[in-house]
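Let me begin by presenting the structure, written as structure tokens, before commenting on it.
Nothing in this text is a laboratory measurement; each read-out follows from the coordinates by a stated rule. All figures in this text were calculated on a predicted structure; none of them were measured in a lab. Here the Cβ positions follow ideal geometry from the backbone for every residue, glycine too, while neighbour counts run over all protein chains shown.
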Ligand code: GCU
């Protein structure tokens with residue numbers, strides 16, 4: 001007996017030493033990771049998105065979780081000696097060597113970003129493990145799914161020690177069927193979230209917003225019948241207000257499922273059968289009262305099969321463009337908007353709850369807006385649900401931001417997944433009127449190919465809304481003419497000092513421009529992507545960034561150029577060769593709340609810039625929408641200026657605590673009294 005035990009111990013230690021030595025001496029040890037590592041196991045990918053989540057059978061896992069930071073990614077099976085955290089070993093005798101313990105680990109409220117909760121993680125980018133214990137009674141005739149509304153940015157899921165799967169890409173919902181991993185009674189869920197971004201992720205690591213890490217949306221255990229309604233689409237035909245397109249998809253491609261659709265308030269009830277692909281596609285005749293900002297009418301819609309009933313509150317409206325105009329329910333409308341980030345007022349970290357968005361949107365409504373650009377990534381589903389009720393139109397976007405690895409098919413798949421899941425989740429939200437596929441992406445043919453692929457996904461899933469991308473436009477040549485316009489203004493000016501006036505005159509002489517010339521700067525938005533989108537959206541920073549580019553070149557003080565820029569702005573012409581409406585998706589200036597002077601970073605400077613911008617934009621008839629940058633100061637790693645920014649982008653009209661800056665009233669007054677008269681508002 002003793003010999004047998006000794007033999008086994010000897011074998012184990014000998015085995016361990018063999019592995020260790022082999023690792024030590026094997027040739028192809030490319031780096032430290034592979035020295036300790038093993039072959040990575042297969043991580044199954046996510047299932048198709050389960051829609052209509054709020055009317056499903058759910059057990060919420062929101063609440064207190066534990067977390068362990070894992071900078072070395074040592075918790076994964078493939079990179080640790082002892083099998084990794086998913087084993088969730090428990091100390092029994094006090095003699096086991098276990099170097100983690102989730103029971104005694106720090107606690108965090110989920111949803112919630114660990115780099116908002118834990119100051120030590122504020123700048124951290126890497127893996128963090130989240131642990132949740134829950135009791136459950138599996139049901140024979142049902143499937144059980146884990147649904148996560150959003151997790152940044154790479155998520156690996158383990159249940160009771162087994163690998164469930166991996167989801168690549170932040171911000172959008174995903175779900176996995178976990179039926180086979182569940183136990184009766186206590187279950188251990190481990191979720192590794194990693195907010196590392198790189199050149200090939202979406203977005204890349206360079207963003208002007210904070211990479212909030214972790215589970216940033218609701219976590220639910222969802223029960224469905226074995227054959228269940230995967231998702232359903234019901235939207236008004238934009239060309240016929242008495243017709244609605246109804247599409248439904250089962251989780252299985254099987255014919256003959258009886259589907260009942262009811263809209264009680266419209267006395268509508270009908271039955272359909274799925275075809276061999278498990279689909280229903282019908283045009284139904286109803287004449288609903290149309291949803292609009294002034295009357296955000298929603299109808300209860302009920303869909304049932306033999307095995308389940310799902311329901312939702314849905315509004316019906318039509319949004320389209322014709323020529324250079326935008327029409328809501330066939331009435332001309334302007335987008336009186338504001339851009340924002342998904343951060344609550346007065347609380348650090350990402351916004352995710354109904355309450356967060358109720359406060360954000362009700363405060364934003366004080367600006368007399370009817371539109372919000374939800375930049376630059378999908379928010380949780382609660383945003384659009386609140387906007388549906390508040391009568392606010394939404395622009396929703398995927399984080400294809402600045403330069404992206406356009407030729408990388410994995411990168412494209414991440415972006416496709418994001419736009420498809422966003423559309424599949426919010427396709428029935430009346431408030432959502434614009435899908436945006438990108439922001440400020442440099443021109444190239446791989447970029448065009450990439451963005452066209454995303455636009456095709458939108459077209460395939462929902463062609464009832466407007467498509468767009470926030471474009472940068474205007475060639476170097478076009479912008480160099482801005483210097484001439486500034487020089488002309490400066491040369492004629494009463495207040496410019498003689499030395500700078502002489503420089504301006506020199507610039508004009510070299511360009512052969514007589515001083516009595518009348519010259520206004522005009523810009524044409526000709527980004528070729530304009531051909532493929534419905535709305536020509538354009539980000540511009542006259543009065544903020546542009547002069548900074550010139551001051552170096554022409555040796556004129558930035559202060560002089562900024563004052564001259566304010567003088568010429570009202571005459572600036574902005575148009576596009578595409579006969580479509582233009583939406584100014586960004587303009588703005590930074591200001592620290594409470595900072596008063598006529599200098600940069602003061603509330604006065606920001607307010608003056610708004611006045612000049614709004615004058616300029618309302619002088620350009622092709623501009624039919626505006627969403628200034630930005631509603632609230634937000635966290636950004638690109639913004640360190642001590643005492644002013646302190647890692648906040650300060651272009652908000654309110655600061656992080658909700659204090660309104662002077663420019664807030666400038667915009668609110670413009671939307672109430674100026675940019676309202678031309679069109680028949682809804
Ligand atoms: C860009 C960009 C924003 C950024 C803003 C700024 O245009 O789209 O994400 O925050 O400018 O510089 O403040």
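Here are a few things to note about the model shown:
- Between the Cα long axis of helix 2-25 and the first principal axis of the chain there is an angle of about 30°, rounded to the nearest 10.
- Computed lengthening from residue 615 to residue 597, 0.36 nm per intervening residue step minus Cα-Cα distance: 4.2 nm
- Distance in nm between pseudo-label sites at residue 89 and residue 43 (7 Å out along the Cβ direction from Cα): 2.3 nm
- Counted by neighbouring Cβ atoms within 10 Å, the residues 545, 379, 648 run from fewest to most as 545, 648, 379.
- Normalised Debye scattering of the stretch 311-388 at q = 0.20 Å⁻¹ gives log10 I(q)/I(0) of -0.98, counting only Cα atoms as equal scatterers and leaving out solvent.
- Between the helical axis of 498-510 and the longest alpha-carbon principal axis of the chain there is an angle of about 90 degrees.
- Spin-label pair residue 60-residue 604: with each label point 7 Å from Cα along the Cα-Cβ axis, the two points sit 4.9 nm from one another.
- Over all pairs of different C-alpha atoms in the stretch 493-543, the reciprocal of the mean inverse distance, the Kirkwood hydrodynamic radius, equals 14.6 Å.
- Solvent-free Debye scattering, log10 I(q)/I(0), computed from the Cα coordinates of the stretch 95-229 at q = 0.09, 0.12 Å⁻¹: -0.30, -0.52
- When only alpha carbons of the stretch 363-433 are considered, Rg and Dmax amount to 13.9, 44 Å.
- Measuring how big the stretch 66-156 is from its alpha-carbon positions, Rg and Dmax come out at 15.3, 46 Å.
- Modelled label positions at residue 313 and residue 407, each set 7 Å beyond Cα in the direction of Cβ, lie 5.1 nm from each other.
- Between 0 and 90 degrees, the angle of helix 603-618 with respect to the longest Cα principal axis of the chain falls at about 80 degrees.
- Descending semi-axes in Å of the stretch 334-462, equivalent ellipsoid built from Cα gyration tensor: 27, 15, 14
- Semi-axis lengths, largest first, of the ellipsoid equivalent to the stretch 558-630 are 26, 14, 8 Å, with √(5λ) applied to each eigenvalue of the Cα gyration tensor.
- For the pair the stretch 100-160 / the stretch 483-500, the C-alpha centres are spaced 60 Å from each other.
- For the pair the stretch 238-300 and the stretch 327-365, the centres of their Cα atoms are 28 angstrom apart.
- Relative protection proxy for 287-296, 549-558, from highest mean packing down: 287-296, 549-558 (other beta-carbon atoms within 10 angstrom).
- Potential extension, residue 81-residue 509 segment - 0.36 nm per residue separation minus Cα distance: 146.7 nm
- Using only the C-alpha atoms, the convex hull of the stretch 188-335 corresponds to 213 Å³ per residue.
- Antiparallel %, DSSP beta bridges [both residues in the chain], to 5: 75 percent
- Alpha-carbon centroids, the stretch 171-205 and the stretch 629-663: separation in whole Å: 32 Å
- Considering all C-alpha pairs of the stretch 434-562, those separated by over 20 Å amount to 55%.
- When shorter helices are ignored and each DSSP H run of at least 4 residues is given -39500 (n - 2.57), the per-residue value for the chain at 222 nm works out to -7500 deg cm²/dmol.
- Stokes-Einstein D (µm²/s) once Rh is taken as the Kirkwood radius of the chain over alpha-carbon pairs, at 4 °C in 1.567 mPa s: 47 µm²/s
- Computed with the Debye formula from one identical point scatterer per Cα of the stretch 579-682, without solvent, the log10 of I(q)/I(0) at q = 0.10 Å⁻¹ comes to -0.30.
- Angstrom value of the Kirkwood radius, inverse mean 1/r, which spans all Cα pairs in the stretch 411-466: 11.8 Å
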